[in-house]
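Down below is the structure, laid out as structure tokens.
Computed from the coordinates by the stated procedures, all read-outs in this text should not be read as laboratory data. These numbers were taken from a predicted model, which means no experiment stands behind them. Neighbour counts run over all protein chains shown; Cβ positions are idealised from the backbone, glycine included.
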Amino acid sequence: MQKLGEELRNRAGQKIVDPEYLLFEAPREKVFMTGSEVVKEAVKRASVDASVSYPITPQSEAAHLIGELWVEGYVGVYFRGESEFGVMSEIAGCSMAGARTITTTSGPGTLRAMENFPMWAGSRLPIQLVLMARGINSPLSIQPDDLEVSFLLDTGCMVWYAENAQELFDMILAGFVVAEQPDVHVPVINVINGFFISHTRESVMLPPDDIALPPYNPYKAPMPPIDMEMPPGRFLRDPFVMKSNYISYATHTSWQFEVRAAIERARPYIKKYLGSLIEEFGDPEADIVLVSTGTGAAQSKEAVRLLEDEGVKARVVKLRTIRPFPINELRQAVKNAKVIFVPEFNVVGWLEREIRRYLYKHSDAEIIGGPRVAGGMTMPPEIIVKDVLNYLGKEVKHVY
Amino acid sequence: MSINIFKINEDLKEFIPQEVIDLEEKATWGNPKRGVMDLPYAKELLEEHSLCAGCPESMAFRYILASLPNPEDTIIVNSTGCTSLVFPHIALHTVHSLFGNQNAVATGIKRTLEWRFPDKVKDVIVLAGDGATVDIGLDCTLQSFFRQEKITTICFDNEVYANTGGQESGTTVQGHVFKMAPKGKQWPKVQMWQLAIDSGCHYVVRMSVSSPKKVEQVVKKAIYVAREVGPTYLHFYTPCILEIGLNSDDGLMEMRDKDKERFKFFEYVSPQAEEVIAKKKEEGLL
Ligand SMILES: Cc1ncc(C[n+]2csc(CCOP(=O)(O)OP(=O)(O)O)c2C)c(N)n1
Ligand code: SF4
Ligand SMILES: [Mg+2]
């Protein structure tokens, strides 16, 4: 950070502003952009120190664009790693050494990197991963499908889910702010549905690009950075407790609990910087509720509009965060629901499982897992409408 | 230099264990000429170790830590194995992350420290077993060499997966019977030092740790060359006395035996490394 007159500037020369100002108050201008381009715009305003990349469709373009920011001086360290396993370890090294970090991956890349995610959480690294969800092998698919998210739910990372490019932009900025809180300090994974968001253009409101988040201060972290600049001089990250005795078992256990507790402590910060863990859409009186995430939520909103034409009142509860799970928000939002549909972009219904778990004995609504599409299928709102009309015993005539 | 992080608040000194006070007062900081000759007098950076009694890895650790030219700004990245149990006892900032990703983590640390502290020398060293370096982590090891990362990689080759109970590794010699090779190893020992040369390392050594002075020399050379030129690699024989059935006072003899055959001293120095080494000799640092 350098002081220039009254203003603080980051190393790229941008004026440092409060996160609240950047997220909520700064004037915004409308642009027409893809989700990948929006990643660049968010990183540009985030005083990012380091990013490591590896090609995989559909996230490659976002990673290329972060590379352009490095050339332009907005990002300090950038290179292509050898594989997603290597990349996620390299970015961990960057984070341990005190950098604000972001990386991106998709599908098979996520699974190749898997061993790293609990290590990030256990080492309390506030790394941000933008996950552009795509199918996982086998058979090979590069198409949108979010099965990979189910593997990440218990890694100790926060998992957020953006519906569109605008939300992705805001979530990337908020992601750094929340993940780096000293009492949180765990990784954040921002998910979007690959292609639907990464490769399509939509209008997005952006603040000016000469302002940026305050730089990351590693000396506020709950564990010292690995830089030989902060006591204690004798410091091993992670805390290696692999001894065969009861104290080490108890230490490991309490550490695991603490990582989960840290995610819980993120709730008030998420409310502050994202507004809410959920978003509600449609007639609040409606007792037909579609609970979904990301593109599934977008299509559900469209389905609610179509259902209105059929004389059926329905509404959407969109989950912005899966970890922490918006338990109370969801229970409150479906209080009067008679039936809950869970549209998803995968074959297993991981979101339905989550919803059943948290609504068990908290809702009398019937929970219907579906409709589901996968392997690259789109989710036309009509298939949601059809499921709802079928459930109501109504004639399905406008849906083809 | 970051010696300050070892300074103890005067008001708290009475509550601090003597071995921690010794780190501030009796360890050699800020002196690139430190070396194994200090061992009997100076406070060591290794408090104790949790290896088997007489394990040659413990000697290697002591010699290496005594030889670091810049301990106050040195970071060591480790991997899973017998060595990792020693790391909580090392008075430096160290990392244990996963089994086999040590050169990737070290890459991120080195590059970030260069970005955060452009005016300071921060040495980053990797120290891991043969399984970690040559088998499961080979990709990360070699890729860091290809990328010319300014890191020193040290492999403790005990020719076995010791920590998991004695399984065959890539550096086990052909024919040796270990677990998972019940008929004897079917293929030759991996010549990792040669791979390191072919992959772009500028200073490469193969030897045992039987001679403390020699360890000091090669560690210093490797660190200086990594600082200024690119990757360096040290391949040390640190026999697993437990798995080859030796007594705790047999380690040194075993190494001396092998000094005459497969761990005969071998050194490779690239032309750029020659220059650095010559310069450091002139400065009296080697
Ligand atoms: C991904 C993964 N696979 C396997 C292991 C089990 N493991 C832990 S230590 C070790 C052996 C280490 O061997 P080496 O690197 O040669 O070190 P040594 O113990 O011989 O010093 C193995 C196989 C692990 N921890 N993680
Ligand atoms: S098992 Fe072998 S390598 Fe490990 S500490 Fe014991 S003697 Fe050393
Ligand atoms: Mg070994």
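Key figures
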| item | result |
| --- | --- |
| Cα principal axis extents for chain B, largest first, Å | 63, 43, 33 |
| Inverse mean reciprocal Cα-Cα distance (Kirkwood Rh) of the protein assembly as shown, Å | 27.1 |
| Extension reserve of the B:Asp22-B:Gln148 stretch, reckoned as 0.36 nm per residue once the Cα distance is removed | 41.6 nm |
| Loop-located GluC sites (Glu not before Pro) in the stretch B:215-285 whose Cβ has at most 15 other Cβ within 10 Å (DSSP) | B:Glu261, B:Glu283 |
| Range in chain A, longest, excluding exposed GluC sites (Glu not before Pro) [loop by DSSP; at most 14 other beta-carbon atoms within 10 Å] | A:73-284 |
| Degrees between helix B:56-67 axis and first principal axis of chain B (Cα, 0 to 90, nearest 10) | 30 |
| Shielding by partners, peptide B:19-28 (average Cβ within 10 angstrom, other chains) | 1 |
| Derived scalar couplings ³J(HN,Hα) [the stretch A:97-112; Karplus, 6.51 cos²θ - 1.76 cosθ + 1.60; whole Hz; x for Gly, Pro] | 7, x, 8, 7, 10, 9, 8, 9, 7, 8, x, x, x, 4, 6, 4 |
| Dipole of the protein assembly as shown, positive direction: furthest Cα of A:Leu131, A:Ala174, A:Val184, with charges on the beta-carbon | A:Leu131 |
| Low-density loop positions, chymotrypsin sites (Phe, Trp or Tyr not before Pro), the stretch A:345-389 - DSSP coil, at most 11 other Cβ in 10 Å | A:Tyr360 |
| Label-point separation, B:Tyr41 to A:Thr253 (7 Å along Cα→Cβ), nm | 5.1 |
| Chain B: antiparallel DSSP beta bridges as a percent of all, rounded to 5 | 20 |
| The stretch B:140-247: trypsin sites (Lys or Arg not before Pro) falling in loop per DSSP and having at most 15 other Cβ within 10 Å | B:Lys183 |
| Phi-based couplings in Hz for the stretch A:269-276 (Karplus 6.51, -1.76, 1.60; Gly and Pro marked x) | 5, 5, 4, 5, 9, 10, x, 7 |
| Interchain or long-range residues, amide H under 5 Å from A:Phe235's placed H | B:Leu92, B:His93, B:Thr94 |
| For A:His362, B:His49, B:His235, order by how many other beta-carbon atoms lie within 10 Å, fewest first | A:His362, B:His49, B:His235 |
| Other-chain or far-sequence residues with amide H under 5 Å of A:Gly370's (modelled H) | A:Val342 |
| Structure-based [θ]222 nm, chain B - -39500 (n - 2.57) summed over DSSP H runs of at least 4, per residue, nearest 500 | -9500 deg cm²/dmol |
| For A:Thr34, B:Thr153, B:Thr172, A:Thr200, order by how many other beta-carbon atoms lie within 10 Å, fewest first | A:Thr200, A:Thr34, B:Thr172, B:Thr153 |
| D_trans [Stokes-Einstein, Kirkwood Rh over alpha-carbon pairs] for chain A, 10 °C, 1.306 mPa s, µm² s⁻¹ | 73 |
| Amide H within-cut-off set for A:Val191, under 5 Å, with H built and near neighbours excluded | A:Leu131, A:Trp160, A:Tyr161, A:Ala162 |
| Per-residue Cβ neighbour rank within 10 angstrom, fewest leading, A:Lys15, A:Lys318, A:Lys301 | A:Lys15, A:Lys301, A:Lys318 |
| Geometric extent, Cα atoms of the stretch A:278-392 - Rg, Dmax (angstrom) | 12.7, 36 |
| Cross-link pairs beyond the 26 Å C-alpha cut-off, checked among A:Lys313/A:Lys397; A:Lys271/A:Lys313; A:Lys301/A:Lys397; B:Lys7/B:Lys279 | A:Lys271/A:Lys313; B:Lys7/B:Lys279 |
| FRET efficiency for B:Glu228 and B:Val173, using Cβ-Cβ distance with R0 set to 45 Å, rounded to 0.05 | 0.80 |
| Contour minus Cα-Cα distance for A:Glu7 and A:Glu264 (0.36 nm per residue) | 89.0 nm |
| Crossing angle, helix A:294-309 versus chain A [Cα axis fit, 0-90 degrees, rounded to tens] | 20 |
| Per-residue mean of C-beta atoms belonging to partner chains within 10 Å, peptide A:220-227 | 4 |
| Average beta-carbon neighbours from other chains, 10 Å sphere, peptide B:147-154 | 1 |
| In order through the stretch A:338-352: 3J(HN,Hα) via Karplus (6.51 cos²θ - 1.76 cosθ + 1.60), integer Hz, x for Gly, Pro | 9, 9, 10, 9, 10, x, 9, 9, 6, 8, 8, x, 5, 6, 4 |
| Size of charge dipole - the protein assembly as shown - debye, nearest 20, with Cβ of Lys, Arg +1 and Asp, Glu -1, no other charges | 500 |
| Angle in degrees between helix A:165-179 and the longest Cα principal axis of chain A, rounded to the nearest 10 | 50 |
